[in-house]
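Here the structure comes first, spelled out in structure tokens, and everything after it is commentary.
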Amino acid sequence: MKQNFQITALPANQFKSHFKSSDKDLSRLNAHWLIVDQTPGYPCRVTLEDAKVGEKVLACYFEHHQVSSAYCASGPIFVREKAVTAQLKVNQVPQILNNRQLSLRAYDHNHMMVEATLVWGKDVAESIQEQLNNTSIQYIHIHNALPGCFSCAVERA
């Protein structure tokens, strides 16, 4: 059965204070600025687009799964300097996912992982729908498989 889903980006306002911080303050936050030297390679978690060569991105530590569970998690992400939060339609998959190998991690209402799978981006919508057929799954996190870093979240629509 087809399950509708909503992919959500990280909100830009969550990083506004970082953009105004000094390099010294950013260092204390385990963050620093980089200049993009290749594309793809610096996927922004706010715009859900790859940053372009020459753009400035913030490489920062981010707690993407702040929950009371053994599966709480954090890791590195990139955020473009002038990022505006992506607003996707129901069942829309952002282009940033299409050409990457992805890890889908599905969680229940107790924030415990109940399913996980590897998939190529071109097949991600089908895989999301399959995982959401399991009624115990409340949400899914998508990670870039090789580096393992968080990309975006998926909820039932």
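Every number in this text was worked out from the coordinates using simple rules, so none of it is lab data. Computed from a prediction, not measured in an experiment: that's the story for all the values here. In this analysis, Cβ positions are derived from the backbone assuming ideal geometry, glycine residues included, and neighbour counts consider all displayed protein chains.
Can you list the residues, at least 5 places off or on another chain, whose amide H is less than 5 Å from the amide H of residue 152, using H built in the peptide plane?
142
Roughly speaking, what is the centre-to-centre gap between the stretch 1-44 and the stretch 49-80 when only Cα atoms are used, to the nearest Å?
5 Å
Out of residues 5 or more away from residue 3 or on other chains, whose amide H comes under 5 Å of its own, with H placed 1.01 Å from N in the peptide plane?
none
Based on the alpha-carbon set only, what is the convex hull volume of the stretch 5-156 divided per residue, in Å³?
Looking at the stretch 5-156, the number lands at 107 Å³ per residue.
What are the aspartates and glutamates whose alpha-carbon lies under 15 Å from the alpha-carbon of residue 16, with same-chain residues fewer than 8 places away excluded?
Here the aspartates and glutamates satisfying the reach criterion relative to residue 16 are 25, 81.
From zero up to wherever the largest Cα-Cα distance of the stretch 67-117 sits, split into 5 Å bins and tell me the percent of pairs in each.
4, 13, 15, 21, 24, 18, 5, 0
How large is ³J(HN,Hα) for each residue in the stretch 2-9, as worked out from phi by the Karplus curve 6.51 cos²θ - 1.76 cosθ + 1.60 (θ = phi - 60°), to whole Hz, x for Gly and Pro?
After applying 6.51 cos²θ - 1.76 cosθ + 1.60, I find 6, 10, 7, 9, 10, 8, 10, 8 Hz.
With +1 on each Lys and Arg Cβ and -1 on each Asp and Glu Cβ, how big is the dipole of the stretch 76-125 about its Cα centre, in debye rounded to the nearest 20?
In debye, rounded to 20, the stretch 76-125 gives about 260.
Which one of 16, 56, 24 has the biggest mean-square fluctuation once the chain is modelled by GNM with Cα springs under 10 Å?
Fluctuation is largest for 24.
From the residues 66, 135, 104, which one has its Cα farthest along the dipole of the chain in the positive direction, the dipole being from +1 and -1 charges on Cβ of Lys/Arg and Asp/Glu about the Cα centre?
It is 66.
What does the C-alpha gyration tensor say about the overall shape of the stretch 1-71? Classify as rounded when a/c is under 1.5, otherwise prolate if a/b is larger than b/c, or oblate.
Oblate is the answer for the stretch 1-71, as a/c is 1.5 or above yet b/c matches or exceeds a/b.
Scan around residue 55 for amide H atoms under 5 Å from its own, H built in the peptide plane at 1.01 Å from N, and keep only partners 5 or more places away or cross-chain.
Answer set, sorted by chain and number: 36.
Show me, for the stretch 50-62, the HN-Hα J-couplings you get by feeding each phi into the Karplus relation (A = 6.51, B = -1.76, C = 1.60, θ = phi - 60°), rounded to Hz, glycine and proline as x.
Each residue's phi maps through the Karplus curve to give 6, 5, 8, 3, x, 6, 9, 10, 8, 8, 9, 6, 9 Hz.
For the stretch 15-28, in order, what is each residue's ³J(HN,Hα) by Karplus, 6.51 cos²θ - 1.76 cosθ + 1.60 with θ = phi - 60°, in whole Hz (x at glycine and Pro)?
So the Karplus estimates, Gly and Pro as x, are 10, 4, 5, 4, 5, 9, 7, 6, 4, 5, 5, 4, 4, 5 Hz.
Suppose only helical runs count, i.e. DSSP H with n ≥ 4. What mean residue ellipticity at 222 nm does that imply for the chain under -39500 (n - 2.57) per run, divided by all residues and rounded to the nearest 500 deg cm²/dmol?
Using -39500 (n - 2.57) per qualifying helix, the result is -3000 deg cm²/dmol.
Would you mind checking 2/82; 56/89; 2/52 for any pair whose Cα atoms are more than 30 angstrom apart?
2/82; 2/52
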